[in-house]
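Notes to accompany the following structure.
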Amino acid sequence: MLRGTLSRVTAEDSTTTPPPLPLPARALETTAERPWPVRLLSGKIADYVSRMAPVWVEGQVVQLSRRPGAGMAFLTLRDTDADMSLPVSVFARVLEAVTTPLAEGAHVVVHAKPTFWTKRGTLQLQADEIRPVGIGELLARIEHLKRVLAAEGLFDASRKVPLPFLPAVVGLVCGRGSKAEHDVVVNARARWPQVAFEIREVAVQGIGAVPQVSAAIAELDADPRVDVIVVARGGGAVEDLLPFSNEALVRAAAACRTPLVSAIGHETDTPLLDLVADYRASTPTDAAKAIVPDVTEERARLVQARTRIRAAVGHLLNREQAGLDAARSRPVLAAPESMVAAREADLLQRIEAGRRTLERWLARATGDTAQLAAQVRALSPAATLERGYAVVQRADGAVVRNPAEVDDGDRLRIRVARGELAATVTPTR
């Protein structure tokens, strides 16, 4: 009974269910009610990727594995500046045709066509030619980058800042457990035991060197306690030092506001980081000598400076004392009154000479005056009157010189030496 009922229900449902709708033709037309199945999307992606043209791409080889039985090799091609990579498959015959045997870390240029594997949903490159990038070409690229950065002014001396005399905290970027770290820390503390370090251990070669060193520089630059940053790495092959000539790392160092010391490789190694840094150290040991002073040497300089100052002050005091003694031994200071006495005697002598001169002048002037007085007296009318002469004047005061000037009866004044007389004119002859 139940089985028959289920059969009827199934039959009725099958007759009433509408046919399925066709799938959307484009991705924009899909909805939650009308989605694409995975197989359709994978097929469309594979079809789109298959229409892409082959491309030359450059990168660094990592995770190289060969499968002799399958006649294939697989590797990962990683970008040298960013944390990005692509899987690459290559036939063994293509890999064998490479002039230089490939190894992990090698720089290569690959001619490949993108392919999309629908079963795994992965994108990879199928390589048909691989060309290693030689050291000469890498150095030429570095030289070109050097000219570009120099034209931008990143290597100008005006951008460089002096190192602090005595940093409290030194930021150190180095390899994990590297000898460069040991050289910097041990030598710096031997010179100045109180110095503290803020150490960032990073990859200093390979694919992770550029982002890790750049991040460590930025982190230490943001720390206000850090007074100077040292990027240190020991010597190595040219390929090992390539990250320190990378444009991204060089620009990160140029953007650092904290004084930066570059101590990469040996003295003959000159990565671009040396040119943009505020101070280039030939070795990590040289960097330790540059960032902190030698306490023993500074103490010796302090003692030497104090000795020189003491000698200079003593010489100055002795010279001034000798000058003072010489000044005090002079007569003017030994007997100050002698100068006054000499001036007093000279003054008295001059006063006496002046008095004698004045007396001579007065005597001479007195004689001249007496002589002139005698002459005046001899020539004066009064002297004539003393000799018995008289002056006759008319009433109006006119002197009578001729009898004709008066008439009979005119009154006259007769002046003699001792007075005057009155007279009247009588007939004249």
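Read the figures in this text as sums done on the coordinates, not as results from a lab. The structure displayed is predicted, hence computed values, not measured ones. Ideal geometry is used to build each Cβ from the backbone, glycine not excepted, and the neighbour counts take in all protein chains shown.
Gaussian network model of the chain, Cα springs within a sub-10 Å range: biggest mean-square fluctuation belongs to which of 213, 185, 161?
161
Can you give the three extents of the C-alpha atoms in the stretch 139-293 along their principal axes, from longest to shortest, in whole Å?
Principal-axis extents of the stretch 139-293 (Cα, largest first): 44, 32, 26 Å.
Neighbouring Cβ atoms within 10 Å as the yardstick, rank 389, 279 fewest first.
So the residues, fewest neighbours to most, are 389, 279.
At each listed q (0.07 Å⁻¹), what is the log10 of I(q)/I(0) that the Debye formula gives for the chain modelled as equal alpha-carbon point scatterers?
For the requested q values the scattering log ratios are -0.71.
Along the positive direction of the dipole of the chain (beta-carbon charges: Lys, Arg +1; Asp, Glu -1; about the Cα centre), which of 63, 30, 212 reaches farthest?
In the chain, that residue is 212.
Could you state the per residue volume, in Å³, of the convex hull enclosing the Cα atoms of the stretch 383-424?
Roughly 70 Å³ of hull volume per residue.
Counting helices only, and only those DSSP H runs with n ≥ 4, report the 222 nm mean residue ellipticity of the chain as the sum of -39,500 (n - 2.57) divided by its residues, in deg cm²/dmol to the nearest 500.
One gets -14000 deg cm²/dmol as the mean residue ellipticity at 222 nm.
Given 288, 166, 190, which one lies farthest toward the positive end of the charge dipole of the chain, if we put +1 on the Cβ of every Lys and Arg and -1 on the Cβ of every Asp and Glu?
Result: 166, furthest along the dipole toward the positive end.
Which of 380, 329, 178 has the fewest other C-beta atoms within 10 Å, and how do the rest follow up to the most?
Ordered by Cβ neighbours within 10 Å, fewest first: 329, 380, 178.
Evaluate the Debye formula for the stretch 264-403 with equal point scatterers sitting on the alpha carbons, no solvent, and hand back log10 of I(q)/I(0) at q = 0.09, 0.14, 0.17, 0.22 Å⁻¹, in q order, two decimals.
Debye intensities relative to I(0), on a log10 scale: -0.77, -0.99, -1.09, -1.24.
Comparing 371, 321, 205, which has the greatest mean-square fluctuation in the GNM of the chain with Cα pairs linked when under 10 Å apart?
371
Based on Cβ point charges of +1 for Lys and Arg and -1 for Asp and Glu, what charge dipole magnitude is obtained for the stretch 139-293 about its Cα centre, in debye rounded to the nearest 20?
180 debye
Return a whole-number percent for the relative contact order of the stretch 314-429, with Cα pairs under 8 Å and 6 or more residues apart as the contact set.
Reported as a whole number, the value is 14 percent.
Relative contact order (percent) for the chain, with alpha-carbon contacts under 8 angstrom and 6 or more residues of separation?
9 percent
Roughly what angle does helix 38-50 make with the longest principal axis of the chain, taking Cα atoms, 0 to 90 degrees, to the nearest 10?
60 degrees
With θ set to phi - 60° and the Karplus curve 6.51 cos²θ - 1.76 cosθ + 1.60, what are the ³J(HN,Hα) couplings of the stretch 334-348 in order, to the nearest whole Hz, using x for Gly and Pro?
5, 9, x, 5, 4, 5, 5, 5, 4, 5, 5, 4, 4, 5, 4
Any chance you could give the angle, 0 to 90 degrees and rounded to 10, that helix 179-191 forms with the longest Cα principal axis of the chain?
On a 0 to 90 degree scale, this one is about 30.
Could you list 275, 421 so that the one with the fewest beta carbons within 10 Å of its beta carbon is first and the one with the most is last?
421, 275
Between 0 and 90 degrees, rounded to the nearest ten: what's the tilt of helix 135-151 against the longest Cα principal axis of the chain?
Orientation of helix 135-151: about 40 degrees from the principal axis.
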